[in-house]
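The values are calculated or read from the model by the stated rules, or taken from the named source; none is laboratory data. Everything numeric here is computed off the predicted structure, so don't read it as measured data. Methodologically, a virtual Cβ is constructed for each residue, glycine included, from the backbone with ideal geometry; neighbour enumeration extends over all protein chains shown. Side chains included, ligands, DNA and RNA excluded: accessible areas come from the protein's heavy atoms. Shrake-Rupley method; radii C 1.70, N 1.55, O 1.52, S 1.80 Å.
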Amino acid sequence: MTKLVFATNNPHKIAEIKAQVGDGYAFLSLQDIGCTEEIPETTPTLEGNARQKARFVKEHYGYDCFSEDTGLEIDGLDGAPGVDTAHYAGPERSATANNAKVLAGLAGKTNRSARFRTFICLILEGKEYLFEGRCEGTISTRERGEQGFGYDPVFIPAEGDGRTFAEMTGAEKRRFSHRARAMARLEDFLATKTK
Ligand code: IMP
C-alpha cells in the first residue's frame, strides 16, 4: 500500500478522499506525522499555496505528500473570495460569517455565477506535479441544507438538479465536486506510477 501524507487536518477532506480512493492508499494526516504547526499559505494564488504547503511538509518532515488548496470564485464579486476563501469574513474562518458576506455582497445582483477550483500539488520521488479540478455553478439566494461544510449551503452546482451541495449526500456531491475531480486526476496519475 502506498503511504502518502495528505497535508491537511480537515476531517471532512480526509473522509471525502478516503471514500473516493478506496483501499489502495494509506493516507497520513498532518496529525499522524506530528505536524501541529500552522503551515504558511502566503502566496497570491491557489496553485502557489498548494505548492507551498506540499514543499513545507517535504522539507520539514521528509515525507512524499500532497496538499490541496480550494477557492471559490464569484463573478459578481470580481472573482472574490478567491485566494481569501477560507478567511473571507475574517481571521476566525467562520463558515456562517463567510456565507453571510457572500450573500450580502450579491444582494441585488443578477449575475450569481461562480466556481470552485481545487489545486492539488503532489511531491513524489523528488518531482512536483499539479492537478486541477473545477465545479461551475451559481450562488443561491439563501443558505440551504445541512450536509457538507464551508460554502456548501450557498453553492448550487450547474450539473446538478438545483440543490445546493449542502442538500446533497456526500456521494452526490462527489459526482460534481472540484476536489473529487482533482483527486481523480491525482489517482489516475498514481495508478500509472504503480503499474
Ligand atoms: P482550504 O483549501 O482548506 O484552505 O479551504 C478554503 C476555503 O474553502 C475554506 O473556507 C473551506 O471551508 C472552503 N471549501 C473548501 N472546499 C469546499 C467545499 O467542497 N465546499 C464548500 N466549501 C469548501
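Scanning region 48-70 for residues that are in contact with a Lys or Arg (Cβ under 9 Å, 6 or more places away or on another chain) and either among the hydroxyl-bearing types (Ser, Thr, Tyr) or surrounded by fewer than 22 Cβ atoms within 10 Å (Cβ to Cβ) (or both) turns up 63, 64, 67, 70. For the condition at pLDDT below 95, over 30 Å from residue 59 (Cα atoms), open to solvent by 10 Å² or more (accessible area, probe 1.4 Å) and not aliphatic (A, V, I, L, M), residue 126 does not qualify. The set of residues from region 83-101 being away from the ligand (no atom under 11 Å from the Cβ), small (Gly, Ala, Ser) and either open to solvent by 40 Å² or more (accessible area, probe 1.4 Å) or modelled with pLDDT under 95 (or both) comprises just one member, 100.
From the residues in region 120-150 that are part of a strand (DSSP E or B) and of a type in the set (Val, Ile, Thr), which one is farthest from the ligand (Cβ to nearest atom)? Steps first, please.
Within region 120-150, the first condition is being part of a strand (DSSP E or B), and the residues that meet it are 120-124, 127-139.
Checking which are of a type in the set (Val, Ile, Thr) leaves us with 120, 123, 138-139.
Details: 120: 10, 123: 17, 138: 14, 139: 12 Å.
Here the answer is 123.
Between 40, 44, 11, which is at pLDDT 95 or above, out of contact with any Asp or Glu (no Cβ under 9 Å at 6 or more places or on another chain) and either within 16 Å of the ligand (Cβ to nearest atom) or open to solvent by 30 Å² or more (accessible area, probe 1.4 Å) (or both)? Testing whether each residue is at pLDDT 95 or above, out of contact with any Asp or Glu (no Cβ under 9 Å at 6 or more places or on another chain) and either within 16 Å of the ligand (Cβ to nearest atom) or open to solvent by 30 Å² or more (accessible area, probe 1.4 Å) (or both) leaves just 44. Which residues, taken from region 59-82, are part of a loop (DSSP other than H, G, I, E, B) and at pLDDT 95 or above? Within region 59-82, 78, 79, 80 meet the criteria.
Take residue 79 and tell me if it is surrounded by 14 or more Cβ atoms within 10 Å (Cβ to Cβ) and away from the ligand (no atom under 13 Å from the Cβ). Full working, then the answer.
Numbers: surrounded by 14 or more Cβ atoms within 10 Å (Cβ to Cβ): yes; away from the ligand (no atom under 13 Å from the Cβ): yes.
For residue 79, the condition - surrounded by 14 or more Cβ atoms within 10 Å (Cβ to Cβ) and away from the ligand (no atom under 13 Å from the Cβ) - is met.
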